[in-house]
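Structure, as structure tokens:
Quick note: the coordinates plus some simple rules give every number you see, no bench work behind them. Since the structure is predicted, the reported quantities are computational estimates derived from the model, not experimental observations. Using ideal geometry, Cβ is built from the backbone for each residue, glycine included, and neighbour counts are taken over all protein chains shown.
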Amino acid sequence: MQQSVGAEAPLFARPQLRLDPRPAGGWILRSLASLPDHPARITDHLFAWAARAPDRPFLREREGGDGPWHGVTYAEAAEAVRRIGRGLLERGLGPQRGVAVLSGNSIQHALLALAAQAVGVPYAPVSTPYSLMSEDLGKLRHVLRLVKPGLIYAESAARFARALSTEEAAGAAILCADPAGMPRAEPFDALLGRPADAAIDRAIAAVDPDAPAKLLFTSGSTGMPKGVVTTHRMMTTNQEQVTAGWPFLRQHPPVLLDWLPWNHVFGSSHNLNLVLRHGGTLWIDDGRPLPGQIERTLRNLREVAPTLSFNVPKGYELLVPRLEADDALARAFFAEMQVMLYAAAALAAPLWRRLEDLARAYAPGRTIPMVSSWGLTETAPVITATHIEDAPSGCIGTPVPGVELKLLPVEGKLEARVRGANVTRGYWEDPAATAAAFDEEGFFITGDALAWIDPADPARGFRFDGRLTEDFKLASGTRVHAGAMRLRILAALHDAARDVLVVGEGHDEIGLLLIPHDHHRGSLGDPPLAASVAEGLRRVNAAGGGASSLTIARAMFLAEPLSLDAGEVTDKGSLNGRAILARRAGVLGRLYDDGAPEVIRP
């Protein structure tokens with residue numbers, strides 16, 4: 001079914017697929033849709049919209065964090081980008097001397113990033129926890145050693161003083177919105193001083209769309225972060241690939257209130273670029289989907305009517321009860337909403353139904369689909385996207401046009417590999433990692449497994465089936481699909497644990513290491529919390545029907561917080577199981593000790 005808004009074009013294009021069996025087993029899956037001609041560079045969209053809709057708001061943020069909204073139009077942004085681009089080139093920056101940004105989302109950050117990409121200077125946004133939460137600054141130093149930036153931007157010199165004082169930052173110019181406290185730091189406006197001229201326009205037009213434009217760093221869940229080389233062509237192609245399945249984006253300039261950080265591919269290459277591609281407006285959300293921080297998002301939602309909602313299931317879990325309890329907030333949220341997207345995990349069925357009920361109540365006569373997608377930093381990012389209206393929870397859709405998806409049967413799963421113009425050519429200054437990332441046919445090895453929603457109808461798409469590297473075997477030889485199990489466990493535990501590590505390699509039974517919420521740390525030994533965990537695990541075990549690969553025998557909370565510096569957790573909050581077990585040698589012994597009192601047995 002296709003949903004229309006009034007008499008306009010449908011929201012979604014119907015999936016059209018070709019599935020080719022491979023002689024050695026598996027398939028190649030492609031979309032039959034073709035991509036129209038499109039600009040070679042992502043920044044071309046900025047200059048096009050500056051000419052077509054010069055006064056349309058492009059970026060908005062709160063002044064001083066708590067003040068009124070202010071921002072730049074497309075014409076203002078284009079002129080600032082040309083001026084900043086001139087300043088970067090005059091400072092000697094270029095393909096081997098890029099820009100690193102240490103602070104989070106802001107208008108100045110966006111203008112600097114677009115200017116660098118426009119004039120062929122690689123731009124590297126760095127996770128802010130590397131500068132502000134790390135004790136040894138190890139990951140920050142690693143990133144700066146790789147990038148060797150000629151210029152580093154941080155919003156506040158005082159707040160980022162420790163990071164800006166590292167040996168790896170010594171050779172770079174320092175640019176700050178607030179340079180107070182660091183004598184060698186320049187104010188951001190120093191890059192805006194000289195007007196752009198015809199020479200800068202020629203430099204912009206001469207930029208190679210296949211040269212590195214942006215370096216996005218992986219989360220480092222299996223080691224130090226790797227710099228993913230991202231080109232203009234990767235980003236422009238992926239925007240057209242998304243639009244092919246979502247033609248409604250061409251009808252209404254999108255309005256997005258978004259918190260996702262720009263050092264992550266979804267926040268920048270997807271969300272910021274999607275707004276730029278379609279001449280929309282991005283309102284920079286200073287809230288987060290976390291207790292104590294979502295209130296800022298709620299305040300912003302009362303003043304902004306987004307047409308799209310991009311969030312993680314936890315974000316919707318926090319948002320839904322607020323919408324149910326606040327009629328004015330719900331009306332504002334759904335007033336212009338067209339599509340809601342969730343990522344990182346499936347929406348639990350009760351939460352899905354509550355969102356549907358809210359949409360029916362506050363958007364009568366309209367269907368607001370809930371969709372998802374799948375992609376990687378290395379794919380700019382979308383590989384598959386949902387564009388059927390009645391997709392079930394967990395459906396990540398079908399391959400976008402121009403992508404070849406190779407599916408290989410591996411021990412009962414389908415390993416996914418991908419090839420296309422949106423796929424990176426490799427990792428910055430890391431030929432060994434680059435060589436290992438591709439197979440003999442040039443497909444990028446994602447390490448992920450997919451499963452058909454309906455094997456008899458490929459157009460229904462896939463669901464994510466876990467990371468292949470997370471799977472392990474019990475002592476009996478039984479394989480445990482740890483990634484899929486983790487999602488079921490988290491859904492069953494509700495708020496009892498923030499995350500869970502599924503373990504049991506070489507043991508007789510599956511065990512869990514539970515990561516507590518910070519507000520639960522003082523009550524880890526309390527019987528009510530243990531009883532809540534045990535009850536949730538009993539539900540998981542009952543659904544597994546007694547199979548050893550689906551039955552959890554024991555669980556234990558980790559009392560000591562995870563360490564970012566030791567690599568136990570990434571800046572995105574993802575767990576590094578190998579690092580956790582290597583650092584905590586006695587943990588598994590306690591978990592599998594039948595006499596240990598802290599072990600919870602369902």
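Summing -39500 (n - 2.57) over the DSSP H runs of n ≥ 4 in the chain and dividing by its residue number, what mean residue ellipticity at 222 nm do you reach, to the nearest 500 deg cm²/dmol? Present the calculation step by step, with values, prior to reporting the outcome.
Details: 18 runs with 175 residues, N = 602.
Helix-only estimate at 222 nm: -8500 deg cm²/dmol.
For residue 217, the residues whose amide H sits under 5 Å from its own are 228, ignoring neighbours fewer than 5 places away on the same chain, with H placed 1.01 Å from N. Going from the residue with the fewest nearby Cβ atoms within 10 Å to the one with the most, 548, 31, 103 rank 548, 103, 31. In this Cβ point-charge picture (+1 for Lys and Arg, -1 for Asp and Glu), the stretch 192-293 has a dipole of about 120 debye about its Cα centre.
Quick one: net charge around residue 93, please, counting Lys, Arg +1 and Asp, Glu -1 for every other residue with C-beta under 13 Å from its C-beta.
Working: positive: 86, 91, 97, 148; negative: 90.
Local net charge: +3.
Which percentage, to the nearest 5, of the DSSP beta bridges contained in the stretch 44-208 is antiparallel? List each step's numbers first, then the result.
On the way: 6 of 20 bridges.
About 30 percent, rounded to the nearest 5.
So if I take the centroid of the Cα atoms in the stretch 382-440 and the same for the stretch 133-159, what is the distance between those two points in Å? If we compute the Cα centre of each part, the gap is 31 Å. Among rounded, prolate and oblate, which fits the stretch 22-138 when a ≥ b ≥ c are the square roots of the eigenvalues of its C-alpha gyration tensor, a/c under 1.5 means rounded, and a/b larger than b/c means prolate? Oblate shape, in that a/c is at least 1.5 and b/c is the bigger or equal ratio. Annotation for the stretch 1-96: trypsin sites (Lys or Arg not before Pro) lying in DSSP loop with at most 10 further Cβ atoms inside 10 Å of their Cβ do not exist. Summary of the geometry: the stretch 74-94 and the stretch 539-602, compared by the centres of their Cα atoms, lie 50 Å apart.
Scalar couplings 3J(HN,Hα) for the stretch 366-378, obtained by applying the Karplus form with A = 6.51, B = -1.76, C = 1.60 to θ = phi - 60°, are 10, 9, 10, x, 10, 10, 8, 7, 9, x, 9, 4, 6 Hz; x denotes Gly and Pro.
How far, in nm, would the chain grow between residue 34 and residue 293 when pulled straight, counting 0.36 nm per residue and subtracting the alpha carbon separation?
On the way: separation 259, 0.36 × 259 = 93.24 nm, distance 4.23 nm.
Taking 0.36 nm per residue and subtracting the Cα distance, the gain is 89.0 nm.
Lysines near residue 214 by alpha-carbon distance under 19 Å, same-chain residues fewer than 8 away left out - which ones? Excluding near neighbours in sequence, the set is 139, 148, 226.
Centroid-to-centroid, using Cα positions, the stretch 170-217 and the stretch 226-252 are 25 Å apart.
Scalar couplings 3J(HN,Hα) for the stretch 586-598, obtained by applying the Karplus form with A = 6.51, B = -1.76, C = 1.60 to θ = phi - 60°, are x, 5, 4, x, 5, 4, 9, 8, 5, x, 6, x, 7 Hz; x denotes Gly and Pro.
Students often get this wrong, so check it: of 314/473; 413/473; 314/413, which have C-alpha atoms separated by over 21 Å? Check vs 21 Å cut-off fails for 314/473; 314/413.
Taking a ≥ b ≥ c as the square roots of the eigenvalues of the Cα gyration tensor of the stretch 44-208, is the shape rounded (a/c under 1.5), prolate (a/b larger than b/c) or oblate? It would help to have the intermediate numbers written out before the result.
Values: a/c = 2.00, a/b = 1.37, b/c = 1.46.
Oblate is the answer for the stretch 44-208, as a/c is 1.5 or above yet b/c matches or exceeds a/b.
Projecting the Cα atoms of 544, 510, 566 onto the dipole axis of the stretch 471-591, where Lys and Arg carry +1 and Asp and Glu carry -1 at the beta carbon, places 544 farthest toward the positive end.
Of the GluC sites (Glu not before Pro) in the stretch 112-180, the ones in a loop by DSSP (not H, G, I, E or B) with at most 12 other beta carbons within 10 Å are 135.
Taking the longest Cα principal axis of the chain as reference, the axis of helix 107-118 is set at about 80 degrees.
Most exposed first by the Cβ proxy, i.e. fewest other Cβ within 10 Å, how do 235, 370 rank? Could the numbers behind the result be given before it?
Numbers: 235 28, 370 22.
Fewest to most other Cβ atoms nearby, the residues stand as 370, 235.
For the stretch 471-591, a simple Cβ point-charge model (Lys and Arg +1, Asp and Glu -1, everything else neutral) yields a dipole of about 260 debye relative to the Cα centre.
Rounded to the nearest 10 degrees, the angle from helix 232-245 to the longest Cα principal axis of the chain is 60 degrees. Taking each residue as 0.36 nm, the span from residue 202 to residue 357 lengthens on full extension beyond its C-alpha to C-alpha distance by 50.4 nm. Across the options 527, 580, 398, the greatest Cα extent toward the positive end of the charge dipole of the chain (unit charges at beta carbon of Lys, Arg, Asp, Glu) belongs to 398.
For the chain, give me the percentage of DSSP beta bridges that are antiparallel, rounded to the nearest 5 percent. Close to 65 percent. Loop-located trypsin sites (Lys or Arg not before Pro) in the stretch 179-224 (DSSP state other than H, G, I, E, B) with a sparse environment of at most 15 neighbouring Cβ atoms within 10 Å: 184.
For the chain, with only Lys/Arg (+1) and Asp/Glu (-1) charged at the beta-carbon, what is the dipole magnitude about the Cα centre, in debye rounded to 20? Could the numbers behind the result be given before it?
On the way: 62 positive and 68 negative charges, 98 e Å.
Value, rounded to 20: 480 debye.
Seen against the Cα atoms of the chain and their longest principal axis, helix 74-90 is set at about 80 degrees.
Does the stretch 471-591 classify as rounded, prolate or oblate by the C-alpha gyration tensor (a ≥ b ≥ c root eigenvalues; a/c under 1.5 gives rounded; else a/b over b/c gives prolate, otherwise oblate)? Oblate shape, in that a/c is at least 1.5 and b/c is the bigger or equal ratio.
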